[in-house]
Amino acid sequence: MPAQRILVVGGGIAGSIAAFWLAKHDFSLTVIERSKSEQTQGQGLEIEEPATSVVTARGILDKLKAKRTAEEGFELLDEHNQLYGRFEAGGLSPTGALEMMRGDMTEVMYKAADEHKNVTFRFETTIQSLSQTADEVTVELKNCTTNATTTETFDIVIGADGALSRTRTLAFGPPDEINCFHPVGATVAYFSIPKEDQDWPYSRLCHFPNRRVIWMRPSTEQSAVTSVYFIHVAGTDVTANKSNAALHAAHLSRDRQQQKQAMADLFADCGWEAPRVCAAMLKTDNFYYDELAQVKLPTWSQGRVVLVGDSGYGPTPFTGEGSHLAILGAYTLAQELGRHTAELQVAFKAYEDRFRKYVENAQSIPGWGYAPYVIMPQTSWGIWALRNIVYGVTMVAKAASWTGVSRLLVGSTKEQEAHAPYDLQIEGKAAGVKV
């Protein structure tokens, strides 16, 4: 019997992980990706347990470690550069021990999958249409460079093409009809600007009234650029005031320059690094803009089409779980397809039965959904209070380190990680081990 043919739409984290493990189960994989293979930009991400166990089993942990940003930690500053808190990488810090840029993480993962003889990557290629019968899925694929189209058939299609997934729209219906987007009330922009001396080695964050934040993050000491995050929590009523309406209009326009200008206008009255950052943002080519929304669906499959990662259950950056869900979901889906090769619907059901509860927990925004409002105050007084709370936490952390209490806390954290509530059922030497 010939190997079943699978089309993976999206060559990012979820798509590359799925392709690697499915190839191990002797499926024949075609992975299409709309971007160029050499694209290595994006925001900073980290990998923690239990996802670390998946990349370790895959044999790429050392390669990922080599791509770490070397960001040494996190600093909270005010508009006059006064330091209110410094946290070294790991522990309480937003800087993870295995922190890297999204593009670098994706590059390592796709190269590992591409080495397998059963996997073929096609870059600058998109899916245009999809139809399916009980036995196969027919898709039309388009090369973005030549505009040439081809019609091909596959046994299975996996949508790993992000929160705005075209695969999901083609197989499940338009987002408005299936009500898959659940806004969290925040607008973000990620972009790169020329690096200056003060941008290294710590990431630096400054708050401004009306729930605005500028977060600047270094890549490597040798890098010529610094990553910048603009974050604005506006609430779920995106037309509540003039600035929110302008941001929403920019989002709907899909016009990059309009989006840049909307962000520049929003942060125009801010001090600190805002003038430099806004001026550089208007010139950068590396720019991403979005209104954050979680993706929630009652089922992750339709016929022979199944979703993985952000296309099926995007959690938003407020949870810090996006890359973890992509890695764990892709691994679980590949595992169940390998176990139930001739029983597609059984495999899809097993994938959901095992993973849905974990996803629902991971999509929970801390503080019953109010954490973004707490950590991004509305008023100057609220910002002052938050900064001083962070200052107090910093002092307590230092005292714990000096007295040795921190060793007890670290030991407790490791014990909790060893009993995380997801059984990866890793095959081989680690089969059945819960991580």
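For this structure, a couple of remarks:
- Members of region 93-135 found to be of a type in the set (Asp, Glu), closer than 23 Å to His25 by Cα and surrounded by 15 or more Cβ atoms within 10 Å (Cβ to Cβ), listed by number: Glu107, Asp114
- Output for region 46-92, where each listed residue is assigned to a helix (DSSP H, G or I) and surrounded by fewer than 18 Cβ atoms within 10 Å (Cβ to Cβ): Thr56, Leu61, Asp62, Lys63, Lys65
- Given (1) modelled with pLDDT of 95 or more; (2) in contact with a Phe, Trp or Tyr (Cβ under 8 Å, 6 or more places away or on another chain), number of the condition His207 does not satisfy: (2)
- Of all residues in region 136-172, those being in a loop (DSSP other than H, G, I, E, B), farther than 30 Å from Val233 by Cβ and out of contact with any Asp or Glu (no Cβ under 8 Å at 6 or more places or on another chain) number 3.
- Residues that are at pLDDT below 95 and of a type in the set (Gly, Ala, Ser) were ranked within region 339-376; the one that is farthest from Ala293 (Cα to Cα) is Ala342.
- The number of residues in region 303-325 that are buried (at least 19 other Cβ atoms within 10 Å of the Cβ) and more than 22 Å from Ile375 (Cβ to Cβ) comes to 10.
- Within region 89-96, one or more residues are touching a residue at least 40 places away in the same chain (Cβ under 8 Å), closer than 30 Å to Pro183 by Cβ and in contact with a helix residue (DSSP H, G or I) (Cβ under 8 Å, 6 or more places away or on another chain).
- Asp176 passes every criterion in (1) free of Cβ contacts under 8 Å to residues at least 40 places away in the same chain; (2) in contact with a Lys or Arg (Cβ under 9 Å, 6 or more places away or on another chain) apart from (2).
- Top-ranked residue of region 257-293 - restricted to ones that are at pLDDT below 95 and aromatic (Phe, Trp, Tyr), ranked as farthest from the chain's Cα centre (by Cα): Phe287
- Within region 13-37, the only residue that satisfies the criterion of being in contact with a Gly (Cβ under 7 Å, 6 or more places away or on another chain) and part of a loop (DSSP other than H, G, I, E, B) is His25.
- Set Ser253, Ser243: member being outside the structural domain of Leu29 (by TED's automatic domain parsing), without any contact (Cβ under 8 Å) to a residue 60 or more places away in the chain and either β-branched (Val, Ile, Thr) or more than 21 Å from Thr169 (Cβ to Cβ) (or both): Ser243
- Segments classed as helices (runs of 4 or more DSSP H), wholly inside region 271-363, with at least 1 members that are farther than 30 Å from His207 by Cα and hydroxyl-bearing (Ser, Thr, Tyr): 310-313, 322-339, 344-362
- Beta carbons closer than 7 Å, at least 6 apart along the sequence or on distinct chains, pair a first residue in region 120-133 that is assigned by TED's automatic domain parsing to the domain that holds Gly303 with a second that is assigned to a loop (DSSP other than H, G, I, E, B) and polar (S, T, N, Q) for Phe123/Ser35; Phe123/Ser37; Glu124/Thr145.
- Every pair of residues 6+ apart whose Cβ atoms lie under 8 Å, when the first sits in region 144-158 and is modelled with pLDDT under 95 while the second is β-branched (Val, Ile, Thr) and part of a strand (DSSP E or B): Cys144/Thr125; Cys144/Thr126
The values are calculated or read from the model by the stated rules, or taken from the named source; none is laboratory data. Here the structure is a predicted model, which is why all the values come from computation and not from measurement. FYI the Cβ positions are ideal-geometry reconstructions off the backbone, even for glycines, and counts take in every protein chain you see.
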